[in-house]
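Have a look at the structure below, then the notes.
The values are calculated or read from the model by the stated rules, or taken from the named source; none is laboratory data. The shown structure was predicted, so the numbers you read here are calculated from the model rather than taken from an experiment. All Cβ positions, even for glycine, are placed from backbone atoms using ideal geometry, and neighbour counts span all protein chains on display. We work out accessible area using only protein heavy atoms, side chains counted, and drop any ligands, DNA or RNA first. Shrake-Rupley method; radii C 1.70, N 1.55, O 1.52, S 1.80 Å.
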Amino acid sequence: MEQEWKELDTPTLLLDKRILLENIRKMSEFAKGKNVNLRPHIKTHKSVEIAKLQLEQGAIGITTAKVEEAEVMAAAGIKDILVAYPVSSPAKIERIIALLNQGIDLKVTVDNLEQVKLLQKALEKTRHTLDVWIKVNSGLNRCGVEPGADVVELAKGIILLSRLRIGGIFTHAGHSYGANGKEELERIALAEADAVVKSAEACEKEGIPIPVRSVGSTPTYRISGRVEGITEVRPGNAVFFDSIQVGLGVADRKDCALTVLASVVGVYEGRIVLDAGSKTLCLDKGAHGLDSVKGYGYVVDHPELIMERLSEEHGVAVFEDSCGLRLNDKVRIIPNHACTVANMFDEYMVVEGEQVVDNWKVDARGMRK
Ligand SMILES: Cc1ncc(COP(=O)(O)O)c(C=O)c1O
């Protein structure tokens, strides 16, 4: 592929291979150093190529949100998959069973007895036993059982069922994205680990073994992953990083592997218009709110620009004096939220320095179910 990225038509998604490999290496290095397993969440990149790089670097398996992501990864030969999302509809349970039929080492999230019984009933019609991981609420207040006694109660219900096996307890401290400074982040991360370890210990006290104790969000995993009793971490965004992570102080701009290449389509008094709008950069300022994120992305080498407004295909960047950009000039933008932006594109243009060296599909993008 003999092309420089500056020659590409826009908007397009650039993935800096050197930074990507370094980010993958750092996650693996952390896991090895702290003697925990690494199960990265692939919802960030939705790419078989990148998932395989993570496995080559020592990840023991992957995490997905959607059943369809699991199907895409399984079809590419990836065997060890946690669907970190409660599955209870009959249609999805059938697809879980289809994955078991293919020999996939699948783990499914549970957080209530009704759902657990639906899984058991469906599995009775098969030859399979399914590993279920109990999701614990460590403060995000999304899905999950309350830590401690409620987890034990659910675990006691599960062990009575012949086709389910408790594989682990896990949580995701997504509220870390709203943390106000390092101290709050640390407090949230320690509570994330505590919710899992205490719940696992309470189960084991009742004679129910909990082999896996898993935590993970990009802002917290390097803190919660060091706590005694934790066996696994599941970072997702850390494979790319983005402006939200920079705003949180979790990454530097130089760690951000993903950028959107956009062109100047109009120059006006105090503003330029780029061909990257909400269908490219997403109107995402972080699900949990963050004051330090200004605008809708960071324009590399142009600190004077603020991405003030997005309509669907137009991005309006404002400046005070001058910005030196002219019609058809190209800029790279570090998105606020890399995971949602990757999902908007069909492929990554993989770059090394100025050169485009490959293109990789966003294999599981926009998956329906
Ligand atoms: C269950 C679960 N695990 C891990 C992650 C990874 O989080 P992050 O992208 O912050 O690393 C997520 C993110 O949504 C998640 O929901």
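Here are the numbers:
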{"quantity": "Stokes-Einstein D in µm²/s, Kirkwood radius over Cα pairs - segment 1-122 at 10 °C with 1.306 mPa s viscosity", "calculated": "98 µm²/s"}
{"quantity": "Gyration tensor over alpha-carbon atoms, the chain, equivalent ellipsoid semi-axes in Å", "calculated": "40, 22, 18"}
{"quantity": "Rounded if a/c under 1.5, otherwise prolate or oblate - segment 167-315, Cα gyration tensor axes", "calculated": "prolate"}
{"quantity": "Accessible heavy-atom area order of Y296, Y268, highest first, probe of 1.4 Å", "calculated": "Y268, Y296"}
{"quantity": "Sulfur and carbon atoms: percent of accessible area, segment 79-235 [1.4 Å]", "calculated": "50 percent"}
{"quantity": "Average Cα contact separation per residue, segment 79-235, under 8 Å, 6 or more apart, as relative contact order %", "calculated": "18 percent"}
{"quantity": "Segment 79-235 - Rg (one decimal) and Dmax (whole number), Cα, Å", "calculated": "15.5, 51"}
{"quantity": "Residue-averaged [θ]222 nm for the chain, counting only DSSP H segments that reach four residues, each worth -39500 (n - 2.57)", "calculated": "-9000 deg cm²/dmol"}
{"quantity": "The chain: angle of helix 90-101 to the longest principal axis, Cα-based, in degrees nearest 10", "calculated": "80 degrees"}
{"quantity": "Longest to shortest principal axis, alpha-carbon extents of segment 255-368, angstrom", "calculated": "42, 36, 26"}
{"quantity": "FRET efficiency, 1/(1 + (r/R0)^6) with R0 41 Å, evaluated for E184 and V267 via beta carbons", "calculated": "0.45"}
{"quantity": "Segment 136-203 - accessible surface per residue (Å², probe 1.4 Å)", "calculated": "45 Å²"}
{"quantity": "Gyration tensor verdict on segment 106-168 (Cα atoms; rounded if a/c is under 1.5, prolate if a/b is larger than b/c, oblate otherwise)", "calculated": "prolate"}
{"quantity": "Relative contact order %, segment 301-365, counting alpha carbon pairs below 8 Å whose residues are six or more apart", "calculated": "19 percent"}
{"quantity": "Rounded tilt (10° steps) of 17-34 against the dominant C-alpha axis of the chain", "calculated": "30 degrees"}
{"quantity": "Cα long-axis angle, helix 182-205 against the chain (0 to 90 degrees, to the nearest 10)", "calculated": "20 degrees"}
{"quantity": "Whether segment 1-68 is rounded, prolate or oblate, judged on the alpha carbon gyration tensor where a/c under 1.5 counts as rounded", "calculated": "oblate"}
{"quantity": "Alpha carbon centroid spacing (whole Å) that separates segment 332-356 from segment 43-117", "calculated": "24 Å"}
{"quantity": "Order by protection proxy (mean Cβ within 10 Å, highest first), peptides 111-119, 350-358, 186-194", "calculated": "186-194, 111-119, 350-358"}
{"quantity": "Sequence-distant residues sharing a close amide H with R309 (under 5 Å, placed H)", "calculated": "V316"}
{"quantity": "Segment 31-104: trypsin sites (Lys or Arg not before Pro) in DSSP coil with no more than 14 other Cβ atoms inside 10 Å", "calculated": "K79"}
{"quantity": "Relative packing of 216-226, 244-254, 124-134, which averages over residues the other C-beta atoms within 10 Å, highest first", "calculated": "216-226, 244-254, 124-134"}
{"quantity": "Per-selection Kirkwood Rh - segment 73-119 (Cα, Å, 1 d.p.)", "calculated": "11.1 Å"}
{"quantity": "Net charge of Cβ neighbours under 11 Å - reference I223; Lys, Arg +1; Asp, Glu -1", "calculated": "+3"}
